[in-house]
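No lab work stands behind these numbers, since they all come straight from the coordinates. Predicted, not measured: the structure shown is a model, and the values here were computed from it. Virtual Cβ from ideal backbone geometry, glycine too; neighbours counted across all protein chains shown.
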Amino acid sequence: MTIGTRAGGELEFEPDEVSVPAGAQIAVTFENLGSLPHNLTFGAPIDVATAPVVDPGGSETIEFDAPAPGDYTFTCTIHPGMQGTLTVEAAR
């Protein structure tokens, strides 16, 4: 899956809501389409992040196993308030 930033100087992820199945191995490619540096960080229990700075036009892929079902926040640690939600859905 791809999570990017909005073009220009907007401090928003695009998309800012994504869903994955519990237990799946996830590869997220972060694409910085904006004009400012950003990063993509998942807190506990996922605990993965891109480099501290992904320059405009840059991209980086991170991988992790989806945790238990629930909603998990992802953020840009450079810009407080820039966040999105990863929803982990129960396996069907």
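Miscellaneous remarks
- Taking each residue as 0.36 nm, the span from A22 to A90 lengthens on full extension beyond its C-alpha to C-alpha distance by 23.9 nm.
- Under the Karplus curve 6.51 cos²θ - 1.76 cosθ + 1.60, θ = phi - 60°, whole-Hz ³J(HN,Hα) for region 50-64, x wherever Gly or Pro sits: 6, 4, x, 9, 10, 5, x, x, x, 8, 7, 10, 10, 10, 6
- Candidates D16, D65, D47, ranked by Gaussian network fluctuation over the chain, Cα under 10 Å, top entry: D47
- Amide N proximity, region 1-31 versus I78 label position 7 Å along Cα-to-Cβ, cut-off under 15 Å: 4-14, 30-31
- Panel values: region 2-89, Kirkwood radius from alpha carbon pairs, Stokes-Einstein at 10 °C and 1.306 mPa s, translational diffusion coefficient 124 µm²/s.
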